[in-house]
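S.K.: Got a structure here, written out as structure tokens. Questions coming.
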Amino acid sequence: MSLRKALSCFAAAVAFAAAGAWAQAPGTFALLDPPQTPEGGGKVEVIEFFWYGCPHCHSLEPAIATWLKTVPQDVVFKRVPAYPSEPWGEMARVFYTLETMGLLDKYHSKVFNAMHDDNVNLANRRIREEWFGKNGIDVAKYNEMEKSFSVATKVSRARQMTQNYRVDSVPRITVNGKYVVMAEQAGGQTKLFQVIDQLIARARKETPKEKS
């Protein structure tokens, strides 16, 4: 199966899951049940659950980059690669290996672009290693780091968070472990970030400040 066909199948599954998840939650956002304890260290925590194979996540990425330029200092933003099943775990390992190597800022968007603009199936190890070599990533160092305890721990945590946050569709934004919002329910990308900002303001009032 080609990457494009595989992504179309996954996209259809994601859309179906989203419809079911939100059928009982009309409005611009939903409440996570049960809520999760945020790990923002006294700041408002915003998490984007995503998957590199998701075309909607890819199209949202430039808007997130623009929004991040305006994020207040009392907000911490985190990306978590969703891991609901084994096919998604491969790209979760890519994300955390690049992060551990200090290469994520440089290659995060490039991974998205390779998969969706250039139709390069980076979930395939052979193809991925070839792409890494062409794009300046030391394949031997990558493979060594991918097997590290640090990466394994992060991937395991992502899998647990995917379950705890009840992630059955992506991209999905959560605010302070309590509020959930997606672009479709918010009314599009522009309104999505308006809703996120509103939820941040709400969460800010609910977030106890850490003592210095």
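The values are calculated or read from the model by the stated rules, or taken from the named source; none is laboratory data. Values in this document were obtained by computation on a predicted structure and should not be read as measured data. Positions of Cβ are backbone-derived with ideal geometry, glycine not excepted, and every protein chain shown enters the neighbour counts.
S.K.: Which residue out of ARG166, ARG159, ARG79 is closer than 30 Å to PRO34 by Cβ, in contact with a His (Cβ under 9 Å, 6 or more places away or on another chain) and of a type in the set (D, E, K, R)?
M.R.: The conditions single out ARG79.
S.K.: Scanning the range 46-59 for residues that are surrounded by fewer than 23 Cβ atoms within 10 Å (Cβ to Cβ) and farther than 15 Å from LEU122 by Cβ, which turns out nearest to the chain's Cα centre (by Cα)?
M.R.: Result: GLU48.
S.K.: Then there's this: I need the full set of residues from the range 38-60 which are outside any loop (DSSP other than H, G, I, E, B) and among the charged types (D, E, K, R), in order please. Full working, then the answer.
M.R.: Taking the range 38-60 first, the residues outside any loop (DSSP other than H, G, I, E, B) are 44-50, 55-60.
The answer is GLU45, GLU48.
S.K.: Looking at the range 61-82, which of its residues are among the β-branched types (Val, Ile, Thr) and either part of a loop (DSSP other than H, G, I, E, B) or surrounded by fewer than 17 Cβ atoms within 10 Å (Cβ to Cβ) (or both)?
M.R.: Residues of the range 61-82 that are among the β-branched types (Val, Ile, Thr), as a first pass: 64, 66, 70-71, 75-76, 80.
Listed by number, the residues that qualify are THR66, THR70, VAL71, VAL76.
S.K.: Which pairs turn up if I take residues in the range 81-109 that are under 20 Å from ASN121 (Cβ atoms) and β-branched (Val, Ile, Thr) and look for partners that are in a helix (DSSP H, G or I) and at pLDDT 95 or above with beta carbon separation below 7 Å, at least 6 apart in sequence or on another chain?
M.R.: Listed pairs, sorted by first residue: VAL94/VAL111; THR97/TYR142; THR97/MET145; THR97/GLU146; THR97/VAL151.
S.K.: Could you check the range 120-212 for helices (runs of 4 or more DSSP H) lying wholly inside it with 2 or more residues that are under 17 Å from MET91 (Cβ atoms) and in contact with a strand residue (DSSP E or B) (Cβ under 8 Å, 6 or more places away or on another chain)? Before you say what the answer is, go through the steps one by one.
M.R.: Values: elements: 125-134, 139-146, 149-164, 183-186, 189-206.
Result: 149-164.
S.K.: Which one of these does GLU129 not meet: (1) out of contact with any helix residue (DSSP H, G or I) (no Cβ under 9 Å at 6 or more places or on another chain); (2) surrounded by fewer than 18 Cβ atoms within 10 Å (Cβ to Cβ)?
M.R.: (1)
S.K.: Here's another thing I want to ask about it. Looking at LEU7 and the list (1) more than 30 Å from LYS205 (Cβ to Cβ); (2) at pLDDT 95 or above; (3) aliphatic (A, V, I, L, M); (4) in contact with a Gly (Cβ under 6 Å, 6 or more places away or on another chain), which single condition is not satisfied?
M.R.: Every condition holds for LEU7 apart from (2).
S.K.: Shifting gears a bit: Mind counting the residues in the range 90-121 that are small (Gly, Ala, Ser) and surrounded by fewer than 19 Cβ atoms within 10 Å (Cβ to Cβ)?
M.R.: Qualifying residue count for the region: 2.
S.K.: Considering (1) under 29 Å from THR28 (Cα atoms); (2) among the basic types (Lys, Arg); (3) without any contact (Cβ under 8 Å) to a residue 12 or more places away in the chain, say which one ARG159 fails and leave the rest.
M.R.: Of everything listed in (1) under 29 Å from THR28 (Cα atoms); (2) among the basic types (Lys, Arg); (3) without any contact (Cβ under 8 Å) to a residue 12 or more places away in the chain, ARG159 misses just condition (3).
S.K.: Of everything in the range 93-119, what is of a type in the set (S, T, N, Q) and part of a helix (DSSP H, G or I)? Give them in sequence order.
M.R.: If the condition is that a residue be of a type in the set (S, T, N, Q) and part of a helix (DSSP H, G or I), then THR97, THR100, SER109, ASN113 are the ones that fit.
S.K.: Residue under question is SER85, and the condition is that it be closer than 20 Å to ILE47 by Cα and either surrounded by fewer than 19 Cβ atoms within 10 Å (Cβ to Cβ) or modelled with pLDDT under 95 (or both); does it hold? Walk me through how you get there before you give the answer.
M.R.: Working: closer than 20 Å to ILE47 by Cα: yes; either surrounded by fewer than 19 Cβ atoms within 10 Å (Cβ to Cβ) or modelled with pLDDT under 95 (or both): yes.
Here the answer is yes, as SER85 does meet what is asked.
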